[in-house]
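For reference, the structure is listed below as structure tokens.
The values are calculated or read from the model by the stated rules, or taken from the named source; none is laboratory data. Values in this document were obtained by computation on a predicted structure and should not be read as measured data. Positions of Cβ are backbone-derived with ideal geometry, glycine not excepted, and every protein chain shown enters the neighbour counts. Ligands, DNA and RNA are stripped out before the accessible areas are found, and what is left, the full protein with its side chains, is counted by its heavy atoms. Shrake-Rupley method; radii C 1.70, N 1.55, O 1.52, S 1.80 Å.
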Amino acid sequence: PLEVTEENVSFYVGEKLVRLREKLAHEIEQCLCHAAEAETAGAPGGQGEIDDCSSHAKKLATMLVERLPVLRGMLLDDMQAAYDGDPAAQSLDEIVLSYPGFLAVVVYRIAHELFEMGVPLMPRIMSEWAHERTGCDIHPGARIGRRFFIDHATGTVVGETSVIGDGVK
């Protein structure tokens, strides 16, 4: 494995982002083609839409990768809100590594971006995975502001039509 140093960190991160985009494009393509097949089942001429899944998936994957700095900023705000809002929190590392509510919010933030981009199926799969792991069910279509914190998470449900402002615990 490559040892990450100050001199090569940009190369290392760039290479990881290229691989991430490729893997993400593949998964998005699967979702787009599945939706296209379901929509055009039995309809003549549906193959053209399915053939376009790959190029559209690459564009969407690139869009998500380009949004990563914004998502990172939002998650840093969410992490700080958890730390500030929970007197039992010992460190930011503890929040990232052990708070189920933070995991649910991380998955939500990414799934929401994909939902807003119109990616079918994947955002719901992601939210159900997080629900299974954390007990917290956040629909990717919900609108949640910055500095959001869910303490304990178990049993929390945030539906698709929910609108939650900034600074909500």
Per residue, what accessible area does the stretch 114-169 have, given a 1.4 Å probe and all protein chains present, in Å²?
55
Residue of GLY14, GLY135, GLY145 that the Gaussian network model of the chain assigns the largest fluctuation, springs spanning Cα pairs under 10 Å:
GLY14
How far is helix 9-40 tilted, in degrees, relative to the longest principal axis of the Cα atoms in the chain, given as a value from 0 to 90 rounded to the nearest 10?
50
Those Cys residues of the chain for which no other cysteine Cβ falls under 4.7 Å
CYS31, CYS136
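Beyond 21 Å, what share of the Cα-Cα pairs of the stretch 81-169 remains, rounded to the nearest whole percent?
Details: 986 of 3916 pairs.
When every Cα pair of the stretch 81-169 is considered, 25 percent fall beyond 21 Å.
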Order these peptides, 6-13, 78-85, by their mean beta-carbon neighbour count within 10 angstrom, highest first.
78-85, 6-13
So which residue, out of GLU29, GLU15, GLU113, gets the largest mean-square fluctuation from a GNM of the chain using Cα contacts under 10 Å as springs?
GLU15
Binning every alpha carbon pair distance of the chain at 5 Å from zero, what are the percents per bin?
1, 8, 14, 17, 17, 15, 12, 8, 4, 2, 1, 0, 0
What percent of all Cα-Cα pairs in the stretch 79-126 falls into each 10 Å bin, going from 0 up to the bin containing the maximum distance?
26, 40, 25, 10
What percentage of the solvent-accessible surface of the stretch 53-169, computed with a 1.4 Å probe over protein heavy atoms, is contributed by carbon and sulfur atoms?
57
So how tilted is helix 53-85 from the main axis of the chain? Cα-based, degrees 0 to 90, rounded to 10.
10
How big is the convex hull of the Cα atoms of the stretch 49-108, per residue, in Å³?
92
